[in-house]
Amino acid sequence: MAATFLQGDNRETLKTLPAGFFHAVCTSPPYWGLRSYLPDDDPNKKHELGSEATPEEFVDNLVDVFNEVWRVMRDDAVLWLNIGDSYLPDKNLAGAPWTLAFAIRDRLGMVLRDAVIWRKPCPM
């Protein structure tokens, strides 16, 4: 079976996929405020996930994405979501991973089963 790659804004490309089709979804969206993949003058910059002004906007945008992910998943499917955190000023964690997990659970009705901590004591 050949793989199919979809390129574009995932909030739009996911809409082209059939509902209730996938057994599993494994994804690692961009973390908030850590990296930009597009130059500042790119016309798609306003759609870039992770570039939002606040963690709340970031979570809201990802909930929109996962609303479509939820739609294309089968009832017995599993979602593996790898999401890291970043810091606000004064070295306070933004709390994006748990804020996102609770938003997906509360707004979309997904069941939160577990958390796997990826501890990297010396990542560089």
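The values are calculated or read from the model by the stated rules, or taken from the named source; none is laboratory data. Since the structure is predicted, the reported quantities are computational estimates derived from the model, not experimental observations. Glycine also receives a Cβ, built like all others from the backbone with ideal geometry; neighbour counts cover every protein chain displayed. Ligands, DNA and RNA are stripped out before the accessible areas are found, and what is left, the full protein with its side chains, is counted by its heavy atoms. Shrake-Rupley method; radii C 1.70, N 1.55, O 1.52, S 1.80 Å.
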Among 108-121, 22-35, the order from most to least packed when residues are scored by Cβ within 10 Å on average: 22-35, 108-121
Distance from region 71-91 to region 93-114 (C-alpha centre basis), Å: 7 Å
Derived scalar couplings ³J(HN,Hα) [region 28-35; Karplus, 6.51 cos²θ - 1.76 cosθ + 1.60; whole Hz; x for Gly, Pro]: 9, x, x, 7, 6, x, 9, 8
Per-pair calculated FRET efficiency, R0 = 35 Å: F5 and R107 via Cβ, rounded to 0.05: 0.75
Farthest positive-ward along the chain dipole, Cα basis, beta-carbon charges - from V72, L108, C122: C122
Extended-chain gain in nm, criterion 0.36 nm per residue less alpha-carbon gap, W98 and R35: 20.7 nm
Nearest-20 debye value, the chain charge dipole, Cβ charges on Lys, Arg, Asp, Glu: 460 debye
Under 15 Å, Cβ to Cβ, from C26 - net charge with Lys/Arg +1 and Asp/Glu -1: +1
Residues of type aspartates and glutamates that K45 reaches as a straight line, Cα spacing below 12 Å, ignoring anything fewer than 8 places off in the same chain: D9
Rounded percent of accessible protein surface that carbon and sulfur make up, the chain, 1.4 Å probe: 55 percent
Rounded accessible area per residue of the chain, 1.4 Å, Å²: 74 Å²
Under 17 Å from the Cα of K120 - aspartates and glutamates, other chains or at least 8 residues apart: D85
